[in-house]
1. Please enumerate the residues belonging to region 140-169 that are in contact with a Lys or Arg (Cβ under 7 Å, 6 or more places away or on another chain) and within 16 Å of Gly206 (Cα to Cα).
2. Where residues in region 192-215 are loosely packed, with under 14 Cβ neighbours inside 10 Å and farther than 21 Å from Ala161 by Cβ, which of them is modelled with the lowest pLDDT?
3. For Ser98, indicate whether it is closer than 21 Å to Gln36 by Cα and either buried (at least 18 other Cβ atoms within 10 Å of the Cβ) or modelled with pLDDT of 70 or more (or both).
4. Name every residue in region 228-273 that is among the basic types (Lys, Arg) and either surrounded by 12 or more Cβ atoms within 10 Å (Cβ to Cβ) or over 22 Å from Gly299 (Cβ atoms) (or both), in order of residue number.
5. Please return the ranges of strands (runs of 3 or more DSSP E) entirely within region 361-475 where 3 or more residues are modelled with pLDDT of 85 or more and hydroxyl-bearing (Ser, Thr, Tyr).
6. Looking at region 242-300, which of its residues are aliphatic (A, V, I, L, M) and part of a loop (DSSP other than H, G, I, E, B)?
7. Determine which member of the set Lys337, Lys346 is in the same structural domain as Asp287 (by TED's automatic domain parsing), at pLDDT 80 or above, more than 28 Å from the chain's Cα centre (by Cα) and not β-branched (Val, Ile, Thr).
Amino acid sequence: MDPLSLVVAFLLSLVVPVIVIAIRQTVKLHRGEIIQDLAAVFHSAKEPESERLIPSFEFVKFKYFVPTGPERGQRQDFQAWAWAVAVFPFFLVVSSTSYVCIEFFQDPTFTGTLFGTHAPVVLCMIAVSAAFCGGYLNSMRTLTQSIQNFDLSPSLIVALATEIFSGIVLAAIFAYAVHAIYGAFEGLPDGAGVREGVAVLAFAIGFFPDAAQRALVGRSKLKNFKRENLSVYKYTLATPVELIDGIDTDIRNRLSDFHIATTQNLATANPLMLFVETPFGVYQIMDWVAQAQLCASVGAEAMTSMWKLGVRTLFDLERAALDERCRHPELLQSIGKHLLGQKDDKSDFSPEAIIANIQMRLDDPHVHRLRQIYMQVGVRIGERHWRFLTRDDGIGPRSYDATGIVFQTPNRIRLADSGIDIRPNDYLAVVGGKNNGKLLKVGGIDRTLVTVDEDVIDEDVGAGAGAVKLFRINP
């Protein structure tokens, strides 16, 4: 029994998972501090708890065991005994297999005392050793990704031990089948080539045990066994994230650690979670996700075609259709041709059809989540937050036709309807009329009389409904 083999087996099977678990704890503490700092951006002690709830941010805190409030409690981390129980099967599989493989390569006759010296045994040991190397490397990659994603759990360690063992068994069966088909490889003219080919394929089996199992079952003749329709794979082409402005190959490799390899993965990602787990800035990530949502909705070809129209994100598409300051018939027609397909030169799409199509693309929970984050950040970066002003369906700020409203010098607005939902500290954006472009903070309300913090120009909007609009901004 070689002491060096025992030391190597011990390091591979026990020290490595213990180090990974310790790194996970360090990552947890570090990212917890980032979350606490991020809470200062999204939470204000002056706001009620119910109005400070942002689901995207609550999910981040829940993942990292950060307290989410007295009413919702705190998620508990895994206990030490759970990690100890999970490491045991990993230690058992890796230590025994690595020790046998190391001894075999030091002395090929080592397996003779255990399994005999027959040619199938030697070929199987070569396959087992290669499969173990592939399975162990795959487990190291998985553990690294799990630390980055902070999804390392006791069940994952047990699953990795199961995958390594499955790969070893499949490789041994494969090697035995090769020997049974071709006979003793020593008698073949290219016996060395057979041995090397088995080693390469065994490594692949160990690295991708699930793929090996699917291939084995798919080529079997089991009656009534459900198989995959391989013809559908021609429709499964994915759009890489390099299409997104600002993402290069290095950044893609970094995002792949978080299982983000396509624009659809990025479009559904939580921007705040990515900010906590990656070195990229929150505004940069928000822009990437917004671009990815446009690509996932309209496709890569339509997205790149609309760049020249100034449409980079799904929110740009929203503003072009729903924001009165950006909407224009010719712009809508150009966008409609990219979204609905090119029609003949003598006919155009109706503006209603184009707007309806865009509204359909906006009604998605991932889009609503990103919009909420945009609006919340806008409160912190400045009062003149003008991006989302036109949604009257309860998603964004409300707008009102200013018919019957009177602007009175120096800083008063008299409303025609006392039932309009305006509260102190809200902001009123004025579009149209003499006070066009002003963003007025509401100081006080006395029935229909509103006092604002900025001087206004006298104007009586008594006729021409829609000529002037007020937008209540309260993200």
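1. Step one: list which residues in region 140-169 are in contact with a Lys or Arg (Cβ under 7 Å, 6 or more places away or on another chain), which gives 147, 150, 152.
Within region 140-169, none qualify.
2. To start, the set of residues in region 192-215 that are loosely packed, with under 14 Cβ neighbours inside 10 Å comprises 192-193, 196-197, 200, 210-211, 214-215.
Still in the list and also farther than 21 Å from Ala161 by Cβ: 192-193, 196-197, 200, 215.
On the way: Ala192: 52, Gly193: 67, Glu196: 80, Gly197: 82, Val200: 88, Ala215: 70.
Per the stated criteria, the residue is Ala192.
3. Spelling it out, it is not the case that Ser98 is closer than 21 Å to Gln36 by Cα and either buried (at least 18 other Cβ atoms within 10 Å of the Cβ) or modelled with pLDDT of 70 or more (or both).
4. Looking only at region 228-273, we keep the residues that are among the basic types (Lys, Arg), and these are 234, 252, 254.
Within region 228-273, Arg252, Arg254 meet the criteria.
5. Values: elements: 399-401, 405-408, 412-414, 427-431, 439-446, 449-452, 459-461, 469-473.
Strands (runs of 3 or more DSSP E) meeting the threshold: none at all.
6. Restricting attention to region 242-300, the residues satisfying the condition of being aliphatic (A, V, I, L, M) are 243-244, 247, 251, 255, 260-261, 266-267, 269, 272-274, 276, 282, 285-286, 289-290, 292, 294, 296, 298, 300.
The answer is Ile244, Ile247, Ile260, Ala261, Ala269.
7. Details: Lys346 fails: at pLDDT 80 or above.
None of the others qualify; the one that does is Lys337.
The values are calculated or read from the model by the stated rules, or taken from the named source; none is laboratory data. Small disclaimer: the values here were computed from a predicted structure and weren't measured. As a convention, Cβ positions derive from the backbone with ideal geometry for all residues, glycine included, and neighbour counts pool all protein chains shown.
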